[in-house]
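Engineer: Sharing a structure, written as structure tokens. Questions coming.
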Amino acid sequence: MSDFESLRQKARSKYEELRTGQKPVIYLGAASCGKAAGIASIGGKIKEILGELGIESKLVEVGCVGMCCYEPMIYIQKDGKAPICYGNLTTKVVPELIKDFLVDGDPRTDLALGAFDGPQTEGVPRLFDHPMLKPQVRVVLRNCGVIDPTDIDHYLANDGYVALQKVLAMTPEEVIEEVKSAGMRGRGGAGFSTGMKWEFCAKASGSPKYMICNADEGDPGAFMNRSLLEGDPHAVLEGLVIAAYAIGASKGYVYARAEYPLAIKHLNIALGQMREINLIGENILGSDFSLEVIVKEGAGAFVCGEETALMASIMGERGMPRPRPPFPATHGLWGKPTTINNVETLGTVATIIREGKDWFSHFGTEKSKGTKTFSLVGKVQRTGLIEVTLGTTLQEIIYEIGGGILDGKKAKAIQTGGPSGGCIPASQFDLNVDYESLTQAGTIMGSGGLIVMDEETCIVDIAHYFLTFTKEESCGKCTPCRIGTHRMLDILHKIKTGKAEMKDLEKLHEIAWTVKNGSLCGLGQTVPNPIYTTMKYFEDEYHEHVEDRKCRALVCKDLIRYHIDAERCIGCGICAGKCPVDAISGEKKQTHVIEESLCIKCGICFHSCPPKARAVEKIDAEVGQDG
Amino acid sequence: MTDEPVCQDTSQAFRIVKMKAAAPNIYEMVIEAPIIARKVEPGQFVILIPDETGERVPFTISDWDTDNGTITIFFQETGVSTMKMACMKEGDVLVSVVGPLGKPAEIEKYGTVFLGGGCYGIGGIFPIARALKEAGNKVIISIEARSKYLLYNLENLGSVADELIMSTSDGSTEHKGKIHNIIQMLLDRGEKIDRAHFMGCNFMLMISSEATRPQKIPTRVALNALMVDGTGMCGCCRCTVEGKTKYACVDGPEFDGHQVDWDELFARGAHYLGDESIAYQFYGQRSCKMDMDD
Amino acid sequence: MKIDGKDVEFKEGQTVLEVATDAGIYIPTLCVHKDLPNFGACRLCLVKIEGMRGFPPACTTPAKDDMVVTTEDDELRSIRRNVVELLLSEHPNACIVCDDKKLCEQYRACPMKAGQITGCQLCPNKEICDLREVVEYLGIDKVDFEFEYRDVEVERCDPFFDRDYNLCILCGRCVRVCKDIRGMGVIAFTKRGHETRINTSFGKTHLEIGCRFCGACVDVCPTGALSARGTKWHGKLDSEVQTVCGLCNINCGIVAGVKWGKLVETTPDHDSYTNGQLCVLGRFCISGMVNHPLRIRYPQVRKDDWLIPVDWEEALGAVVEGLKKYEPREMAFIISQDVSNEAAFMMLQLAAKVGVEKIALAPSSGDQKAYDGGNAFGVSGLCQAAGYTPDELMTPEDVARMAGRGKIKAVYTTQDVVNIDDAEFLVIQDVYNSHSLKSAAAVLPVQSFMESEASVTSFDGVTREMKHASEPYARSRPDWEITRDILKAFEGQDYASLGDVRAAADAELAKVAKPDAQGTTSELNWFPKHIRELGDPPSKYRGMDLTVLIDDLRVLKEGRK
């Protein structure tokens, strides 16, 4: 133990030195999101400019702090003061910023989003007072975007592996009891008590036992797990080791999709570091407990997030779910007792142990304890990865954290739980986000995707979109899911194209019911959720599509047409030039006309019409009853 | 009848110029046979032998092209010989094609003529329909299949029909049912039918003929009898029509549908079922793509 | 536990479905097969169980004490109905919804022999369509979806069976039997979602991928998707006879399907010690062999260099007369490993009577696990009982060699022997027209093991009975009967019936120690394992190479090379 304490001591002073040293430090938000936003070229530019200016500075790549809308972002730390965060950077602004701040000492408060905790710089607000961050409670994400995820010392310096040390002095039963009474529920979707899940497996006979971390995040628009794995892999792995200890597993797997290369890289680096200082391997930290952990890459099938399919995939078989019972707790991987926990669940575990069950359970509602991460995307001002206490209302999330709807439009609905979840209409945004309330509203918590839709979103189109996804991702094993999704999509297509009749809506409802009740696994059983909820909350919109052949959001191509307003057209000819099918004609400076028989409704003219004219309009095609 | 002998011209090869699946299990085969193409009349058939060890099989000539010297047949794979044929490809040569055989269909101006086709008959009925149309009749064609995806030859039929009605057993087209239901439907709507032609399996010929019997509509059916030589010598295709013994190959293939002894026809047709089934067990099963590609 | 209000007993480890079935309660299902691990894919066996969420499948839910199960109510019926309609929306269904169904079936009693099945009477699953059973149970007479034909090309490149995935309902039975019972894993689910299909890896042919063509997948297929190409078009069978295969000494249990008096198919016998599994020969080759045009039709006698068909009396007369011309030491009898105990016994009796000492028998490998002829154990046991040590027995090749040197002049053989032409007086008692016929003095057509009753002793030492299944081919007669008549002519003992011969042969066999392979055969899937370890049995029957008879077998063997 003392060896480990000295390691921690060393790590602390190393981290302290970094944070308070006089040498400037530039942190790059280099998670996948930052990379996609172009952090690499920003980083290149910074190196170049530092070279030019002859400034000696440290560059540290950190994960994502969750403010996606401000990517790419960097933090600059000078004179041992708290790093100041700058967002929406371009290669043009960066040289200016570096020079102004590091040479001239001007922290450029105009560009700064805020400063992290620590000695503050005058004129710069605290980052955590930013409207996007203020309502958040960062438990799981506490280190994300703050520490270097590839350096175990950073994690150790921030109370890393304190919980593991504590756990090794406890009995497995005590650990399970602690997690159970903290009220921790699985963050993967179903919300089953984590402690109870461990208990089943711990009590099951058979050996060896396996502990699996499910990092097969696959919902469109969801990236909570990816960010956590990229930004703070040790937090998840610490949770994994604790869980393995609790259930008595001797082998652990992290099943991550191969589409998350950075997360996998960080996981493997972290595992290597853990092995070096005996946090995994034989007799962990001198105890009797031994554990081997490997990262298993999945091929990216959505259904492999389902636990029995995931296990099949690990065993080298086709990722197809099998009916339960028997449950994985008794018959899991290779037929042995197995526990599968979501990334976020494991990411929370260490904190529960470290801070205690009471500290944890004071967050949240009576039945839904703690915090939950969400990826907030869609038509909101501020998109990003957020963490709030369970029970926060949708209103707070969308309007306070998200800053409201883009372009001043009206909100229409929010999809929770990804393609397996449902749509909640704007009228119910006062809904508390907890397991029970969401289930009651017909949707699910899921892993935490939140997609906000505005009035320009067609609700049928949304249902169609999610169903297209699940139809393709169905494993094809059970009949209702395989054929039912296909047939439901058929009907939605008919509705979208104005060819449906009222009896098709009934049929849609009936198939949805069959798929929900008849399917084998969670994927199939939740596939109809988007349809159910949209039909429940937006019945009139469905009816409009069917009866009036009308799409009020002007999204469904077959029900709209494009038209050039003669009054406003300036005859610039841009639209005519861009039209892929030459459907637009008109002399220069004269009003242009769209030949509707040729128009394929691609919308290019609509988007290319100069803002000053805005002559191209999307209008109801007035298909009418006869189609 | 003809001034040239109806026999095989050994100087020329019966090359397959087109081979295509018209619908699942229905194949369209266009064969180079200039003499037959010059002589053929609607309703006639050929007998061909697919390969050296093959048997003689009759097929209705479904179209022809005098200029290019080709004939078209549609066939269903229902036995060893047709299986062999289904595995042939463009450029392959049939061992023998003899024809045109049988009596041509009677074509006159009757008024309104109803034509019903099923299976191969959807293809085979076309020349008769065309001739009837040219003779100035109102032509109503109805074709039947189990499901929509099994219908074919629609363009050809549509070009000569005043009305083309598609019926399917599963109701995947507008009309659920079969030809006999269509006849009833036409009669119900007051259509006066002066004559009917049917081509398809014997079962369809029988039940369709029954549908025209109450109105005494003159009904012609193209019988499917087992045949060997096709020239009236072997007696294999014997059938009983109006109580008299007839040979489908030389007296037919068209007969009065109300006068056919169907039970006898079915019984004779089923006579070799055992051998036909068993033949599959040892004759060239390899309808292999790989072999064909080599 | 309670099912539908009825108290039922169950054994530990049983599923709800098994308990219900035992209690006579029908729950529809398509993916369940009694030999296979349960899968839970078709979603027809859904039931309600008190205290369990949703609708658990009966096939995978283990029975528990005090469980209360409802197998049928409006909701369940509704799910089942919708599921079947969904299945039928892409499985040709005209045969189910057609108005003329009844009339049509009456007139087209036999399915047509189409290569591609498009529904209706063209389906090779004959009278035993599982899907149709379920449809009838649920009373579905119309499908509320527009039918969508997948229109995938029928896979006909492989020997023995066609695969038409237009008919497949993805129950996964074939995948499971191939992987879990046969241990091969040749086929699997491929692609995802609505495009999911059963296929080999990379869509290769079964031949390329190393399939053994045991046909287990064909046998479990509930639709016509997998069908035996050569034996699928006979329609409803007239009779089924449980018998054993005579192509190797394992003597698997087979069910001979008979129609028109002919053997039209052979399928595995689930009540036999091979647990309903066969090899390619037993499953796909026997009916082709038995009906093959190369069978010898008539007894024949050589007259002026020509083999002339004669009646049995004349043929046997010629044989007896011919044999009598030779000294016993100039004679040799060749007993095939494939003949029955009765036939071998009669041959040995005749040899003893005539005084022939040169008995030839193809040598057995001596290894209990290896494949030998269909009755290798019985024949060698009888020879041993008759006093021949293995060293004293000749081989057919020895006979041919000695005949070539003139040491042997008369040969009575029950199998095809290479280079036997030099024998002066050659009697061939065989099934097929072989090369040796060109020098035969007399030819005696024999019934195959499907046509006459007989007994054989398998590799495990158990004597098994072969039954009379199909009618004898042309004028052929059983081996034992022919030899008996010859023996009678030599004034030997007369055996009135097969029973007498069998009793005598059994008594002889009882004299020699029986091998015992019970250990091997007690495992459930010992036979597939045997095949995996040793490969398929050699394709010979009475000296005849079966690849000559069965074209697909030739394709298979050549493909293997």
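Engineer: Angle between the Cα long axis of helix C:479-489 and the longest principal axis of chain C, 0 to 90 degrees, nearest 10?
Structural biologist: With both axes taken from Cα atoms, the answer is about 20 degrees.
Engineer: Here is a further query. Sort B:125-136, C:151-162 by the packing proxy (mean of other Cβ within 10 Å over each peptide's residues), most packed first.
Structural biologist: Values: B:125-136: 21.6, C:151-162: 19.9.
Taking the mean over residues of other Cβ atoms within 10 Å, the ranking is B:125-136, C:151-162.
Engineer: Additional query: Applying 1/(1 + (r/R0)^6) with R0 = 45 Å to the Cβ-Cβ distance of C:Ala352 and C:Glu558, what FRET efficiency is obtained, to the nearest 0.05?
Structural biologist: 0.50
Engineer: Also, I was wondering about something else. Ordered by packing density, taken as the mean number of other Cβ atoms within 10 Å over each peptide's residues, highest first, how do B:198-207, C:276-285 rank?
Structural biologist: Working: B:198-207: 23.2, C:276-285: 26.6.
Descending mean neighbour count gives C:276-285, B:198-207.
Engineer: For a test of the definition: using alpha carbon positions, the gyration tensor, and the 1.5 limit on a/c, classify the range A:161-359 as rounded, prolate or oblate.
Structural biologist: In terms of gyration-tensor shape, rounded.
Engineer: Given C:Ile181, C:Phe160, C:Phe145, which one lies farthest toward the positive end of the charge dipole of the range C:144-187, if we put +1 on the Cβ of every Lys and Arg and -1 on the Cβ of every Asp and Glu?
Structural biologist: Value: C:Ile181.
Engineer: Could you check the spin-label model distance between A:Leu53 and A:Thr90? Points 7 Å from the Cα along Cα→Cβ, value in nm.
Structural biologist: Here the answer is 2.0 nm between the modelled labels.
Engineer: Shape verdict for the protein assembly as shown, please, from the Cα gyration tensor: rounded (a/c under 1.5), prolate (a/b greater than b/c) or oblate. Please report the intermediate quantities before stating the final value.
Structural biologist: On the way: a/c = 2.59, a/b = 1.51, b/c = 1.71.
The shape class here is oblate.
Engineer: Hey, another quick one. Averaged over its residues, how many other protein chain Cβ atoms are within 10 Å of peptide C:254-261's Cβ atoms?
Structural biologist: Across C:254-261, the average partner-chain Cβ count within 10 Å equals 1.
Engineer: Taking each residue in B:144-157, count the Cβ atoms of any other chain within 10 Å of its Cβ, then average. What number comes out?
Structural biologist: Per residue, the number of nearby Cβ atoms from other chains is 3 on average.
Engineer: To continue, here is another question. Comparing B:Gly257, B:Gly54, B:Gly124, which has the greatest mean-square fluctuation in the GNM of chain B with Cα pairs linked when under 10 Å apart?
Structural biologist: Checking each option, the largest mean-square fluctuation is seen for B:Gly54.
Engineer: Moving on to the next point. Highest mean first, how do B:167-174, B:265-272 rank when packing is the count of other Cβ atoms within 10 Å averaged over residues?
Structural biologist: Numbers: B:167-174: 21.0, B:265-272: 15.0.
In descending order of packing, they fall as B:167-174, B:265-272.
Engineer: Name the residue from A:Leu28, C:Ala343, C:Gly404 whose Cα lies farthest towards the positive end of the charge dipole of the protein assembly as shown, charges +1 on Cβ of Lys and Arg and -1 on Cβ of Asp and Glu.
Structural biologist: In the protein assembly as shown, that residue is A:Leu28.
Engineer: So, one more: Mind checking the per residue accessible area of the protein assembly as shown for me, 1.4 Å probe, whole number of Å²?
Structural biologist: Accessible surface, normalised per residue, equals 38 Å².
Engineer: A:Gly332's amide H: which non-local residues (gap 5+, or another chain) put their own amide H closer than 5 Å, with H modeled 1.01 Å from N in plane and none for Pro or chain starts?
Structural biologist: A:Thr338
Engineer: Moving on. If you add up the charges near B:Ala37, with Lys and Arg at +1 and Asp and Glu at -1, over every other residue whose beta carbon is less than 10 angstrom from its beta carbon, what do you get?
Structural biologist: Result for the local shell: -2.
Engineer: Please state the charge dipole magnitude for the range B:223-284, taken about the Cα centre, from unit charges on C-beta atoms (+1 on K and R, -1 on D and E), reported in debye and rounded to the nearest 20.
Structural biologist: 120
Engineer: If you don't mind, there's one more thing I want to ask. Give me the distance between the Cα centres of the range C:252-318 and the range A:370-433, rounded to whole Å.
Structural biologist: Cα centroid of the range C:252-318 versus Cα centroid of the range A:370-433: 77 Å apart.
Engineer: Using a Förster radius of 56 Å, what is the FRET efficiency between A:Phe327 and B:Gln184 based on their Cβ-Cβ separation? Nearest 0.05, please.
Structural biologist: Values: r = 60 Å, r/R0 = 1.07.
Given R0 = 56 Å and the Cβ-Cβ separation, E is 0.40.
Engineer: Starting from the 7 Å offset along Cα-to-Cβ, what nm value, one decimal, do you get for the label separation of C:Thr395 and B:Asp65?
Structural biologist: If labels sit at C:Thr395 and B:Asp65, their model points lie 6.4 nm apart.
Engineer: Just the number, please: percent antiparallel of the DSSP beta bridges in the range A:161-359, rounded to the nearest 5.
Structural biologist: DSSP beta bridges in the range A:161-359 are roughly 10 percent antiparallel.
Engineer: If you don't mind, another one. Just to confirm a number: summing +1 for Lys and Arg and -1 for Asp and Glu over residues other than C:Ala474 whose beta-carbon lies under 11 angstrom from that of C:Ala474, what do you get?
Structural biologist: +2
Engineer: Shifting gears a bit: What does the convex hull of the Cα atoms come to per residue for chain A, in Å³?
Structural biologist: Looking at chain A, the number lands at 165 Å³ per residue.
Engineer: Then there's this: Using only Cα atoms, locate the centre of the range C:1-78 and the centre of the range B:159-230, then give the distance between them in Å, rounded to an integer.
Structural biologist: 49
Engineer: Quick test of the membrane-span-like rule: which DSSP H helices of chain A reach at least 18 Å along their long axis (C-alpha atoms) with mean Kyte hydropathy at least 1.0?
Structural biologist: A:233-247
Engineer: Note down the magnitude of the dipole of chain A about its Cα centre, charges +1 on Lys and Arg C-beta and -1 on Asp and Glu C-beta and zero elsewhere, to the nearest 20 debye.
Structural biologist: Values: 70 positive and 81 negative charges, 155 e Å.
For chain A, the charge dipole is close to 740 debye.
Engineer: Just to verify a number: FRET efficiency for A:Ser290 and A:Met315, C-beta to C-beta distance, R0 = 25 Å, to 0.05? All intermediate terms of the calculation are to be shown ahead of the outcome.
Structural biologist: Working: r = 22 Å, r/R0 = 0.90.
Given R0 = 25 Å and the Cβ-Cβ separation, E is 0.65.
Engineer: Now a separate question. Once a ≥ b ≥ c are taken as the square roots of the eigenvalues of the Cα gyration tensor of the range A:67-117, is the result rounded (a/c under 1.5), prolate (a/b larger than b/c) or oblate (a/b not larger than b/c)? Please report the intermediate quantities before stating the final value.
Structural biologist: Values: a/c = 2.16, a/b = 1.14, b/c = 1.88.
Since a/c reaches 1.5 but b/c is at least a/b, the shape of the range A:67-117 is classed as oblate.
Engineer: Moving to a separate point now. Which one of C:Val501, C:Leu88, C:Leu226 is farthest out on the positive end of the charge dipole of chain C, using unit charges on Cβ (Lys, Arg +1; Asp, Glu -1) and the Cα centre as origin?
Structural biologist: Farthest along the dipole direction, towards plus: C:Leu226.
Engineer: Quick one: angle between helix B:202-212 and the longest Cα principal axis of chain B, in degrees between 0 and 90, rounded to 10, please.
Structural biologist: Approximately 20 degrees, to the nearest 10.
Engineer: Top to bottom by accessible area (1.4 Å), largest first, where do B:Glu191, A:Glu547, C:Glu146 land?
Structural biologist: Largest to smallest exposure gives the sequence C:Glu146, A:Glu547, B:Glu191.
Engineer: Given H placed on each backbone N at 1.01 Å, which residues far from A:Leu141 in sequence or on other chains put an amide H within less than 5 Å of it?
Structural biologist: Result for A:Leu141 returns nothing.
Engineer: Would you mind computing, in nm to one decimal, how far apart the modelled labels at A:Glu501 and B:Asp51 are, each placed 7 Å from Cα along Cα→Cβ?
Structural biologist: 5.2
Engineer: Here is a further query. Let me confirm one metric for peptide C:91-100, namely the mean number of other chain beta-carbon atoms within 10 Å of its residues' beta-carbons.
Structural biologist: 6
Engineer: Then there is this: For B:Asp229 and B:Lys20 in the same chain, what is the full-extension length gain: residue separation times 0.36 nm, less their Cα-Cα distance, in nm?
Structural biologist: Extra length available between B:Asp229 and B:Lys20 comes to 72.5 nm.
Engineer: In chain A, once you exclude exposed trypsin sites (Lys or Arg not before Pro) (DSSP loop, at most 14 other Cβ within 10 angstrom), what's the longest stretch remaining?
Structural biologist: Here the longest run is A:93-366.
The values are calculated or read from the model by the stated rules, or taken from the named source; none is laboratory data. Since the structure is predicted, the reported quantities are computational estimates derived from the model, not experimental observations. Every residue, glycine as well, gets a Cβ built from its backbone with ideal geometry; the counts of neighbours run over all protein chains shown. Accessible surface is based on the protein model in full, side chains and every heavy atom, while ligands, DNA and RNA are left aside. Shrake-Rupley method; radii C 1.70, N 1.55, O 1.52, S 1.80 Å.
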